[in-house]
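Enquirer: The structure's right below; bear with me while I get my questions together.
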Amino acid sequence: MLNFAFERGAVSASAWWALIPPGLAIVWIVLGTTLLGTAMEEAFNPKLRRHYLEADEMAAVAELEPIGVTPVPVTGPNAPILSVRDLTIEFDSPSGPLRAVDGVSFDLRRGQTLGLVGESGSGKTTAVMGLLRLLPPGGRVVRGSVVFDGEDLLTLGADRLRALRWSRLSIVFQGAMNALNPVRTVGDQISEALRTHEQALTRREVQARTGELLRRVGIGASRGSEYPHTFSGGMRQRAMIALALACRPDVIIADEPTTALDVMIQTQILELLVGLAREFGMGTIIVTHDLGVVAQVCDRVIVMYGGQVAEDADVTTIYGAPRHPYTQLLLKAFPNVEEVDRTLRSIPGTPPRLDALPPGCRFAPRCPFAFERCAVEVPPPYVQDGASAHRAACFLVETDG
Ligand SMILES: Nc1ncnc2c1ncn2[C@@H]1O[C@H](COP(=O)(O)OP(=O)(O)OP(=O)(O)O)[C@@H](O)[C@H]1O
Ligand code: SF4
Ligand SMILES: [Mg+2]
């Protein structure tokens, strides 16, 4: 129609108004098609509605056995924000259930940064996913409790759990940067999280908070209007950190959040995350292979081996006076925290297979100090100094005092 009007000299004959109806028709068709496409995407693409913290299926929590010998969580005004007791997780397998996490207990306080370390397969990811009830199908918590601010996450209803995740408990995964929605701008995704979980905020406040968050993670508020594909990997991971911090959660869990990134910016991003988390008074759990990062940013360290806690102490004790032979070998395998390449070198032998766990101490087949008792008895978590300040599951602690 436009072509027809032009060819007949509508403009030169001062009949320019003849262009308006076809022009408007084109605009309406384009707008209508775009709106229809967006509506269909919203209706049929569940990824746009579901946050990545919502597992496809709520992780199964089996009938929970009562807590055994481990102490019950501390309550009262100085209570930790997160108290994990005797967390035990199994996966189904053709040969029967495999216990990937066995009796893990720890406390996390506000403003504290806890490092979870151990070789590949030691159960770090399973433990943190299990405590958030984000286990993949086939995995389930079979025992324990996870008390978050007075409520046991393992027995909460699905709606209550969904409300807590993200707004009060947040997680950044290794591949989190790929979890950004590619068809929404980065700023829009942060604003949406704020609008959903902090409904009292006005539109202007949401905009201001989004800009401030982007600025704090070093992206700049002006880039909030861009789509994720225009960001580098490091920037996308920063955006994910902004997203995870958006609702100022009480606890933030970061599972190898920088492994996929250039080694030069890994520490920078972790320091940023931990710095902001401390500033906001959050409790932080960092899962990593990088003992250099742990030394730099963590207050307390949990060393896992074969699904169990081998040692648990404050960072100075872990590096200065480790008691468990596994921790000692881990530190030797990681000679210098100042090196650029700070990934773990191997410890002789291989981690235990879940379907063939040694009957006694799980580290016995690789331990240079193993003696007869280690092969038949499971060492309990010996507590030193009469407090829960330093635990090490090794018979030598009992012998040496
Ligand atoms: N979906 C699953 N099904 C069966 N077994 C699983 C599943 N996920 C993890 N496991 C097993 O649980 C154990 C712990 O795995 P997990 O991923 O928690 O270790 P990790 O310490 O996080 O290792 P990495 O450092 O490599 O990330 C491993 O033996 C693994 O094979
Ligand atoms: S209990 Fe025995 S095998 Fe286990 S770490 Fe201690 S000395 Fe080694
Ligand atoms: Mg892992």
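The values are calculated or read from the model by the stated rules, or taken from the named source; none is laboratory data. This one's a predicted model, so the numbers in the text were calculated from it and none came from an experiment. Cβ sites come from the backbone with ideal geometry, for glycine too, and all protein chains shown count toward neighbours.
Enquirer: With T230, T258 as the choices, which residue is polar (S, T, N, Q), within 16 Å of ligand 3 (Cβ to nearest atom) and either farther than 30 Å from G130 by Cβ or crowded, with 17+ Cβ neighbours inside 10 Å (or both)?
Expert: Working: T230 fails: within 16 Å of ligand 3 (Cβ to nearest atom).
Criteria check complete, one pass: T258.
Enquirer: Grab the helices (runs of 4 or more DSSP H) fully contained in the stretch 278-361, keeping just those with 1 or more residues being touching a strand residue (DSSP E or B) at 6+ places or on another chain (Cβ under 8 Å), modelled with pLDDT of 90 or more and within 15 Å of ligand 2 (Cβ to nearest atom).
Expert: Where helices (runs of 4 or more DSSP H) fall fully within the stretch 278-361 and carry at least 1 residues being touching a strand residue (DSSP E or B) at 6+ places or on another chain (Cβ under 8 Å), modelled with pLDDT of 90 or more and within 15 Å of ligand 2 (Cβ to nearest atom), they are 325-332.
Yes/no matrix, rows are residues, columns are (1) more than 11 Å from ligand 1 (Cβ to nearest atom); (2) more than 27 Å from K332 (Cβ to Cβ); (3) not assigned by TED's automatic domain parsing to the domain that holds G307:
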site	(1), (2), (3)
T88	yes, yes, yes
D92	no, yes, yes
G96	yes, yes, yes
L116	no, no, yes
K124	no, no, yes
P137	no, yes, yes
V146	yes, yes, yes
G150	yes, yes, yes
L153	yes, yes, yes
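Enquirer: Please go through the stretch 145-167 and pick out each residue that is part of a loop (DSSP other than H, G, I, E, B), under 19 Å from the mean Cα position of the chain (by Cα) and farther than 24 Å from A193 by Cβ.
Expert: L154
Each row is one residue, and each column tells you yes or no for (1) within 16 Å of ligand 2 (Cβ to nearest atom); (2) of a type in the set (A, V, I, L, M, F, W, C); (3) in a loop (DSSP other than H, G, I, E, B); (4) under 17 Å from G115 (Cβ atoms).
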{"residue": "G234", "(1), (2), (3), (4)": "no, no, no, no"}
{"residue": "R238", "(1), (2), (3), (4)": "no, no, no, no"}
{"residue": "L243", "(1), (2), (3), (4)": "no, yes, no, no"}
{"residue": "M264", "(1), (2), (3), (4)": "no, yes, no, no"}
{"residue": "L273", "(1), (2), (3), (4)": "no, yes, no, yes"}
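Enquirer: In addition: Considering the stretch 245-262 alone, what residues qualify as being assigned to a loop (DSSP other than H, G, I, E, B) and either of a type in the set (D, E) or more than 24 Å from L201 (Cα to Cα) (or both)?
Expert: Just the residues of the stretch 245-262 that are assigned to a loop (DSSP other than H, G, I, E, B), to begin with: 246-250, 256-262.
Passing the criteria: D250, E256, P257, T258, T259, A260, L261, D262.
Enquirer: Which one of the conditions (1) away from ligand 2 (no atom under 16 Å from the Cβ); (2) farther than 19 Å from S83 by Cβ; (3) more than 13 Å from the chain's Cα centre (by Cα) does E119 fail to meet, given that it meets all the rest?
Expert: Result: E119 fails condition (1) only.
Enquirer: Which pairs do you get when a residue that is acidic (D, E), found in the stretch 292-310, comes within reach of a residue that is in a strand (DSSP E or B), reach meaning Cβ atoms under 8 angstrom, with the pair 6+ apart or on two chains?
Expert: The qualifying pairs are D299/T113; D299/L114; D299/D314.
Enquirer: Still on this structure: Given the options R162, R216, R168, R209, name the one that is closer than 27 Å to V146 by Cα, out of contact with any strand residue (DSSP E or B) (no Cβ under 8 Å at 6 or more places or on another chain), among the basic types (K, R) and surrounded by 15 or more Cβ atoms within 10 Å (Cβ to Cβ).
Expert: So the residue among R162, R216, R168, R209 that is closer than 27 Å to V146 by Cα, out of contact with any strand residue (DSSP E or B) (no Cβ under 8 Å at 6 or more places or on another chain), among the basic types (K, R) and surrounded by 15 or more Cβ atoms within 10 Å (Cβ to Cβ) is R162.
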